[in-house]
Amino acid sequence: MSEPRVRMEQVSRRFGAVTALDELTLDIPPGELLTLLGPSGCGKTTLLRIIAGFERPSSGRIRIDGADVTSVPANRRPTNLVFQRPTLFPHLDVLGNVAFGMQVARVGKAEQRRKVAEALALVRLEGYERRRSHELSGGQMQRVALARALVNRPAVLLLDEPLSALDLKIRLEMEVELRRVHRETGATFVYVTHDQREAMALSDRIVVMDRGRVEQVGTPAEVYRRPSSVFAASFVGDANVLPVDVLEADATSALVGLGSHRRRVEARDAARGPAWLVLRPEAVRVAGAPADVGGDAPAGLVRDAAFRGTGFTYRIELTGLGVELKAETPPSSVHAVGDRVTVEWDASACWLLPRGGEDEAATPA
Amino acid sequence: MSGGRRSPLAGTFTLVGLVFLWAPLALMALFSLHATASLSFPFEGFSTRWYAQVLDSPEVRSAARNSLIVASATAVGTLVLGTLAAYGLTRSRSRLRGPLTLLFFLPITLPGLFLGVAMLVGFRRAGLSLSLLTVTIAHLVYVFPFFFMVARAALARLDPALEEMAMDLGADRFTTFRRVTLPQVWPVLVGAACLAFALSFDEFVITFFVIGPDSTLPLYVWSSLRRTIDPSINAISTLLLLFTTLLFAITVLLASWGERRRKGRTAEAPLGLVPAAVERAG
């Protein structure tokens, strides 16, 4: 494997008694769009600022293309940053903003103009050179900020929740634009967000972070289908996390007990004993009239029903189990609040996680 | 506020206040144009002879030149020192930041008399003979808090993310200050330097203690008042008033223009403290 673009070696950052980053180790290969995903305070922004050079780690090292940059200040690192809020220099027009890095580096005027035009074409703002920031919309300002960063051909482009200040509609458009820009430039992107939907839509790989630690690293599909912890399961996408007992297990499946019900689920080398069953809401099927089925399907009571366009979202209280199950069904599955129903799911849609004493603190709400 | 009839009392008070403020100044200006040497009514016709006399007087010219030298040196000195102090303190993460800022502000509360005596004692102790240099140093001490207040407010209003952005794009600290910080605040800083100039140009009490053999315009006015009273005093005072009013106008205009430029749209003048400074200087 080729050398990683960015390598973090046991990076820690403490602010007084607070540990923002705890011995974090991570490699980012060139050309990857990597997302740091986690709730606020998980250390993702601190990590980004450490890569950018605005913060020094309390311990550990940062390498970019093999070179140790741990003590190199921000202005001498091959990284560029796009902030959460659009931060254009208000006294300069778009040309002055995008050309700023090249002016500091004393690039010739003609080359500056050519590269600015290229960068603006990349973000679809051709001919905007003479506009000033107050003449631009929020989305356009972030595009200029993106052009201003990319025009310097950084080894790593760092994006700190760049879409969070924008309206939902603009945000969705900008996601498409970001994917396109990433494809066209082949640059390495490190993207910080707390929005799991955004992370899934954009990333090659997702790093799920919690309390200064890496919970899981994987492709969006891996993280979604095979979360490594209850935290990752409930943070990335909606998940039902049910307490079950593994009764039998082999290499590819397990028989679990949920109350008095028995279900065979796919699992890898599950251990016998208590476990969490992770079940995505869209994998749950809801059927009416439990008397007709007569099988072992768990029965429940519809507590809430909401139409969401592509179907219904139900909250179903499972009889005798004291848990509420979230189900997202197609529009053909119509049930009213108060209806008695049964629920069913595919063995392949499930995922098992160990449930030990130390995990009790992480019990999902 | 509910819209209703305006109280006639409020209007009256406003009018009385304005008359008290402006009537003496108007009378001073009026009699500077008097055709005779009398400073009281009846008014006996207009003439510019007192202005001509004042502008021809070698003493007035020398005092005016001294005032300009001292005020210019004070303004430039304050601009440099005050900007450095304000920039350093707004960007500092030190725990001493609060106390130090207060220390820079606090001299604004010192009475001129106190400052004058203290400076005089200080200069004597230091073995400095009184000259325009000592006046300039004393004026620096006097106007510094006014400048510092304005400069600190302007620098604190800047978005720190912009300076980080410049560093991220490869600029070192100095380049960041020159290309990002300064372009956003220089109108306010130059405006505040005009304020410093005006404060120094008008200053009397402190100057009186530390001046030595030279004279400045306010001192000249005071000493000629002790000799004779004729409209030439009014002429000088009117000129002084017009000049400092012009400087204050430049201060306010620069500040509001700078703020507009920084925000990219219209904004109100940020100089809430100009009136206080005017009051103090008057």
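Laid out as a table, the results:
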quantity	calculated
For the range A:239-362, size of Cβ-based charge dipole, Lys and Arg +1, Asp and Glu -1, in debye	220
Positive-end residue of B:Met28, B:Val185, B:Ser38, charge dipole of chain B with Cβ unit charges	B:Val185
Approximate spin-label separation B:Leu39-A:Glu184, in nm, with each point projected 7 Å along Cα-to-Cβ	7.8
Euclidean distance between Cα centres, the range A:189-255 to the range A:40-117, Å	31
Most fluctuating residue given options B:Ala29, B:Ala196, B:Ala171, as computed from a GNM of chain B linking Cα atoms under 10 Å	B:Ala171
Distance in nm between pseudo-label sites at B:Leu106 and A:Arg262 (7 Å out along the Cβ direction from Cα)	8.4
Angle between chain A longest axis and helix A:168-185 axis [Cα atoms, degrees, rounded to 10]	60
Local electrostatic count, A:Gly66, Cβ distance below 11 Å [Lys/Arg +1, Asp/Glu -1]	0
Cross-link partners of A:Lys169 among aspartates and glutamates (Cα-Cα below 17 Å; sequence separation of 8 or more within a chain)	A:Glu161, A:Glu177, A:Asp195, A:Glu198
Projected label distance in nm at A:Val334 and B:Thr175, using a 7 Å step from Cα toward the beta-carbon	6.7
Percent RCO, i.e. relative contact order, over the range A:13-64, from Cα pairs under 8 Å lying at least 6 residues apart	39
Neighbourhood charge, 13 Å Cβ-Cβ cut-off, centred on A:Met174 and excluding it, Lys, Arg +1 and Asp, Glu -1	-1
Fewest-first ranking of A:Ser59, B:Ser67, A:Ser332, B:Ser232, using other Cβ atoms within 10 Å as the exposure measure	A:Ser332, A:Ser59, B:Ser232, B:Ser67
Rel. contact order, % - alpha carbon contacts under 8 angstrom, at least six apart, chain A	15
B:Ala118/B:Ile69 FRET efficiency (R0 22 Å; Cβ-Cβ; nearest 0.05)	0.40
Convex hull (Cα only) mean projected area of chain B, reported in nm² to one decimal	21.0
Local electrostatic count, A:Pro4, Cβ distance below 10 Å [Lys/Arg +1, Asp/Glu -1]	-1
Calculated FRET efficiency for the pair B:Arg95/B:Trp22, C-beta based, R₀ 56 Å, to 0.05	0.70
Cβ-Cβ FRET estimate between A:Ala17 and A:Lys169, R0 fixed at 35 Å, reported to 0.05	0.25
Cβ-based exposure ranking for A:Glu161, A:Glu248, in which fewest neighbours within 10 Å come first	A:Glu248, A:Glu161
Segment B:Leu128-B:Leu15, extension gain: residue separation times 0.36 nm, minus the distance between their alpha carbons	35.7 nm
Relative contact order (percent, whole number), chain B, Cα cutoff 8 Å, 6+ residue spacing	27
Value of [θ]222 nm, deg cm²/dmol, for chain A, DSSP H segments ≥ 4, -39500 (n - 2.57) each, nearest 500	-6500 deg cm²/dmol
Reduced Cα scattering model of the range A:239-362, Debye log10 I(q)/I(0), q = 0.13, 0.16, 0.20, 0.22 Å⁻¹	-0.52, -0.77, -1.11, -1.26
Among B:Thr228, B:Thr181, B:Thr36: highest mean-square fluctuation, GNM of chain B, C-alpha pairs under 10 Å	B:Thr228
Test item: Cα-centred dipole of the protein assembly as shown, Lys/Arg +1 and Asp/Glu -1 on Cβ, debye	2060
On Cα atoms only, tilt of B:217-227 relative to the major axis of chain B in degrees	20
Rounded, prolate or oblate (a/c below 1.5 giving rounded, otherwise prolate when a/b exceeds b/c) for the range B:1-95 by Cα gyration tensor	oblate
Segment A:Glu126-A:Arg272, length gained on full extension (0.36 nm per residue, minus Cα span)	46.4 nm
Gaussian network model of chain B, springs between alpha carbon atoms under 10 Å - residue of B:Thr216, B:Thr238, B:Thr14 with greatest fluctuation	B:Thr14
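Since every read-out is calculated from the coordinates, none of them should be taken as a lab result. Source: prediction; values computed, not measured. Every residue, glycine as well, gets a Cβ built from its backbone with ideal geometry; the counts of neighbours run over all protein chains shown.
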